[in-house]
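Okay, structure first, notes after.
The values are calculated or read from the model by the stated rules, or taken from the named source; none is laboratory data. All figures in this text were calculated on a predicted structure; none of them were measured in a lab. Cβ placement follows ideal geometry from the backbone for every residue including glycine, while neighbour counts extend to all protein chains displayed.
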Amino acid sequence: MFSVLVGAMVSGQLSDRYGRKPVLIISIIGMGLFSLATALSVTFLQFNILRAIIGIFTGGLSSVFGVYLIENIPKHHRMWINTIVTWSPNFIIYPIIAYFCHDWRKLALFCFVISVVTIINLLCVHESPRWLIQHGRIEEARRVLTNIRHLNGKTCEKEATEIEEMLRFEQEAGESNVDKNKERASKQTFEAKLKKRKHYTFYHLVCTWKYIRWSITVCSGLIFASLVNYGLLFNMEKLSGSLYWNNTMFGLYIAKFMITTELFPTAIRNIASSALAVSSRFGTIIAPQLFYLADISPVLPYFVLLTVSIIDCICFQVILPETKGRNLENHLPPKEERIFNRQPRVLEE
């Protein structure tokens with residue numbers, strides 16, 4: 001789990017700098033190759049080392065894939081695609097595959113084969129148009145959006161005009177930011193200078209007071225949610241009520257991941273997703289240790305889970321805004337609104 005945490009931290013930074021698609025492809029290639037190596041391992045030490053390396057690539061995949069989906073689908077399809085076409089069906093399918101594989105070596109080989117199929121599919125898809133626009137690659141974004149319209153069978157001229165106006169607005173905004181002293185920088189100058197644009201880091205998650213509140217709320221909330229989820233999941237026999245309803249309620253915490261990808265702008269969306277993935281893994285790591293408190297009192301672990309759940313619920317409802325149906329943000333707040341970039345006020349005489 002620690003290796004998954006490391007992979008999530010690194011991949012978020014890389015995907016915001018170099019693109020979603022390259023990081024996804026590298027993650028899948030790494031998972032496939034080391035799954036093949038795992039199937040050929042001959043000692044328990046080799047097996048553990050290879051599985052730890054796979055965990056790094058798995059962390060990278062998990063933190064980038066959700067953002068890539070969100071940035072490529074309409075807002076009214078975000079929730080069901082991000083929840084149904086992900087882990088949920090695979091939790092059902094994977095045990096069936098494991099049953100027919102009979103042993104872990106064949107299962108690792110199956111993971112390698114699936115990785116090859118996934119890589120072929122990824123080579124056929126495009127980069128996130130939002131990421132392309134954010135990095136000034138307007139012509140590539142235009143080609144991607146045009147291709148998406150053709151694949152969807154869209155022929156409405158009004159929609160094409162709206163897309164063109166949006167791209168023109170983004171280009172003009174970028175030009176004005178690149179060189180405010182010129183009336184209009186050339187397209188070549190705009191794209192060349194944007195390549196030298198500063199890269200974003202985890203610092204930008206706390207560059208305004210609003211982002212500080214949001215970041216603390218979602219990260220601590222994921223630690224608490226993972227703590228409760230995994231703490232109860234591995235002690236399912238102690239819970240009353242229906243096994244199926246309990247498992248259904250465990251799955252509701254996916255909304256935490258959804259709201260994060262909708263809150264933060266494209267420039268730092270994957271960094272925010274990585275921070276969330278790291279927080280989730282941290283909660284997962286400490287969850288098994290929580291039940292050692294039962295040595296003091298059998299009620300104490302559940303009291304802790306209840307307390308953090310109430311805190312999480314209150315903070316989630318009070319601090320975070322509703323994001324359902326909202327358009328995704330593309331840009332960070334201007335520098336004058338950031339905490340460490342404010343210019344001192346000049347007092348008028």
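Numerical summary
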quantity	calculated
Enumeration of residues in the stretch 202-238 that are part of a loop (DSSP other than H, G, I, E, B) and exposed (fewer than 14 other Cβ atoms within 10 Å of the Cβ)	Phe234
Filter result for the condition that a residue is surrounded by 17 or more Cβ atoms within 10 Å (Cβ to Cβ), among the aromatic types (Phe, Trp, Tyr) and modelled with pLDDT under 80, over Phe257, Phe291	Phe257
Verdict on Val144 being assigned to a helix (DSSP H, G or I), touching a His at 6+ places or on another chain (Cβ under 6 Å), at pLDDT below 90 and within 28 Å of Phe264 (Cα to Cα)	yes
Count of residues meeting criterion [among the charged types (D, E, K, R) and at pLDDT 75 or above] in the stretch 323-334	0
Matching entry among Ser41, Ser3 (being out of contact with any Ser or Thr (no Cβ under 9 Å at 6 or more places or on another chain), polar (S, T, N, Q) and either free of Cβ contacts under 8 Å to residues at least 24 places away in the same chain or farther than 22 Å from Leu122 by Cβ (or both))	Ser41
Phe47 vs. criteria in contact (Cβ under 8 Å) with a residue 40 or more places away in the chain, surrounded by fewer than 19 Cβ atoms within 10 Å (Cβ to Cβ) and more than 23 Å from Val117 (Cα to Cα)	no
Verdict on Ile81 being surrounded by 12 or more Cβ atoms within 10 Å (Cβ to Cβ), under 30 Å from Thr323 (Cα atoms), free of Cβ contacts under 8 Å to residues at least 60 places away in the same chain and not assigned by TED's automatic domain parsing to the domain that holds Thr266	yes
Looking only at the stretch 294-310, and only at residues there that are loosely packed, with under 13 Cβ neighbours inside 10 Å and of a type in the set (A, V, I, L, M), the one that is nearest to Asn72 (Cα to Cα)	Ile310
Residue count, the stretch 209-252 (criterion: within 30 Å of Pro265 (Cβ to Cβ) and at pLDDT below 80)	3
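Every residue, every condition in (1) surrounded by fewer than 16 Cβ atoms within 10 Å (Cβ to Cβ); (2) among the polar types (S, T, N, Q); (3) assigned to a helix (DSSP H, G or I), yes or no:
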| position | (1), (2), (3) |
| --- | --- |
| Met9 | no, no, yes |
| Leu24 | no, no, yes |
| Ile28 | no, no, yes |
| Gly32 | no, no, yes |
| Ser41 | no, yes, no |
| Tyr68 | no, no, yes |
| Tyr99 | yes, no, yes |
| Arg105 | yes, no, yes |
| Phe110 | no, no, yes |
